[in-house]
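Let me begin by presenting the structure, written as structure tokens, before commenting on it.
The values are calculated or read from the model by the stated rules, or taken from the named source; none is laboratory data. Since the structure is predicted, the reported quantities are computational estimates derived from the model, not experimental observations. No Cβ is skipped: glycine too gets one built from the backbone with ideal geometry, and neighbour counts run over all protein chains shown.
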Amino acid sequence: MTASGQYEEVDFDVEEALALVKEGGAPVADDSGSTGPSRPVPAPAPGTGSGKDPAEHHTATPWQRARALAGRAPRRPDTSVSVTLDAALGLVLAAPLAALSDLPSFDTSAMDGWAVAGPGPWDVRAEGVLAGQNEPQRLTDGEAVRIATGARIPQDASAVIRSEHGRTDEKERLYATRDVVHGQDIRPRGQECRSGDPLLPPGTLVTPAVLGLAAAAGYDTVAALPRPRAEVLVLGDELLTEGLPHDGLIRDALGPMLPPWLRALGAEVIAVRRLGDDAEALRKALKNSDADLIVTTGGTAAGPVDHVHPILRRLGAELLVDGVEVRPGHPMLLARLKENQHLVGLPGNPLAAVSGLLTLAEPLLRTLAGRGAPESYTLPLQDRVHGHPYDTRLIPVVLRGDRAVPLHYNGPAMLRGIAVADALAVVPPGGARAGQELEILDLPWAMAGIEVCFT
């Protein structure tokens, strides 16, 4: 989009082809998934640097800025929902979590052993005390009773002796094998919290540990922000849903891949629709969708059946990001269709689509779900990586110890690399040498707390 807000066509990028050829003879291909004929790749003339045409990318957004823009997308109103604990995993608390009772709610035994009163040796009662029993009989000095972990402490008990720290004789007299300290191995009522104490603030990600704390504190439900609702629109007449590729048709990889990936990023996928290259079907789908996020695949470039830009223009959408200076995935886009509804347009090539997911969809969904950004980190590369002359590159890597190992098969249409990757390395323009520290983007299932969103 130009400064005046008008759309313009994006030409085939010969620099992308040049970078791919330099990396090892990868076929010339456009990130968008275009099936048009390849073009010869001229080398830059001496003294002209990378050969970048300033007009060629003047609408594209730098990669870091594109991510920041997606992360600042306006949130929908914070309408919290009451969610049962078994459905809250991966959500974000919408209200503070305060203790509904003392924790523990009565004095309990921290160990299996004997509850004792006064100095020893002690006469052991015949009946023991188990967890879940009502208030046990009071102890008097010189008495002991067998007790289980979590069981209620009898009144006037002075300590618990662990099973391994006591012995009994034939007369059922108990002797301690080490010094007994008053109150040892007794968890007093309210040791962790008192009723009404604040436990967790709003905005806390609900992890398995948070669920455990909520249950222990007396909750059956929690107030949480709902998952962002996402709809996937798969575009392209050339896509098959089953069988082998044939007669110019190819298998659709994005239809099976995107919904679970979006769930891993915290979305509730409400629909996956296949529209082909039908402009009117796309217009109706966008106009009638009630999803918070619509994800389209393909059709973001300027080919004869690339309908995303024209339809967004017809619907009066606001383009927030129109192309990103990143490879693969540069034709991606982010648009606001209406208040609290966004569209992420992904390129049709599979790895380029993954790049678009992590560049635009991940920060947007994180914001809509109320989650904070993960801490960024870097790792040194094990091997040298070629770079694009002037764009960021996202390269699949595996993490081995304190190093990131670049993977092969990292072309825009390739999935073999990302299928075994742990993360993507952010390669600056010009490439990176072995040992150079690069920012690492974890894949959703490798990020602490995010894997819960698969459920």
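List of remarks:
- Selection status of Thr204, touching a helix residue (DSSP H, G or I) at 6+ places or on another chain (Cβ under 6 Å), buried (at least 16 other Cβ atoms within 10 Å of the Cβ) and modelled with pLDDT of 90 or more: no
- Residues that are of a type in the set (Lys, Arg) and crowded, with 24+ Cβ neighbours inside 10 Å, drawn from the stretch 321-343: Arg327
- For the stretch 273-384, no strands (runs of 3 or more DSSP E) sit wholly inside it while including 2 or more residues that are of a type in the set (Val, Ile, Thr) and free of Cβ contacts under 8 Å to residues at least 24 places away in the same chain.
- Complete set of residues in the stretch 170-197 that are within 13 Å of Ala157 (Cβ to Cβ) and among the β-branched types (Val, Ile, Thr): Val180, Ile186
- Residue match in the stretch 291-303 (condition: within 19 Å of Gln64 (Cα to Cα) and not aromatic (Phe, Trp, Tyr)): no
- Conditions (1) farther than 18 Å from Leu368 by Cβ; (2) under 24 Å from the mean Cα position of the chain (by Cα); number of the one not met by Leu244: (2)
- Odd one out for Pro198, checked against (1) buried (at least 19 other Cβ atoms within 10 Å of the Cβ); (2) modelled with pLDDT of 90 or more; (3) in contact with a Pro (Cβ under 7 Å, 6 or more places away or on another chain): (1)
- Residue in the stretch 358-369 that is surrounded by fewer than 18 Cβ atoms within 10 Å (Cβ to Cβ) and among the charged types (D, E, K, R) present: no
- Scan of the stretch 295-320 for residues that are among the β-branched types (Val, Ile, Thr) and crowded, with 24+ Cβ neighbours inside 10 Å, ordered by number: Val295, Thr296, Thr297, Thr300, Val308
- Test: residue in the stretch 156-174 that is surrounded by 13 or more Cβ atoms within 10 Å (Cβ to Cβ), within 45 Å of the chain's Cα centre (by Cα) and part of a strand (DSSP E or B): yes
- Of all residues making up the stretch 404-430, the number that are surrounded by fewer than 18 Cβ atoms within 10 Å (Cβ to Cβ), touching a strand residue (DSSP E or B) at 6+ places or on another chain (Cβ under 6 Å) and not β-branched (Val, Ile, Thr): 1
- Leading residue by the ranking (nearest to His386 (Cα to Cα)) among those in the stretch 402-423 that are in contact with a Pro (Cβ under 6 Å, 6 or more places away or on another chain) and part of a helix (DSSP H, G or I): Gly417
- Selection within the stretch 171-225 - of a type in the set (Phe, Trp, Tyr) and closer than 28 Å to Leu365 by Cβ: Tyr219
- Subset of the stretch 250-265 [at pLDDT below 90 and either outside the structural domain of Pro347 (by TED's automatic domain parsing) or not in a strand (DSSP E or B) (or both)]: Asp252, Ala253, Leu254, Gly255, Pro256, Met257
- Here the condition is being within 20 Å of the chain's Cα centre (by Cα) and either closer than 18 Å to Ala302 by Cβ or basic (Lys, Arg) (or both); of Leu360, Leu333, Leu346, Leu319, it holds for Leu346 alone.
- Candidates Arg384, Arg393, filtered to the one that is in contact with a strand residue (DSSP E or B) (Cβ under 8 Å, 6 or more places away or on another chain), surrounded by 22 or more Cβ atoms within 10 Å (Cβ to Cβ) and more than 18 Å from Pro444 (Cα to Cα): Arg393
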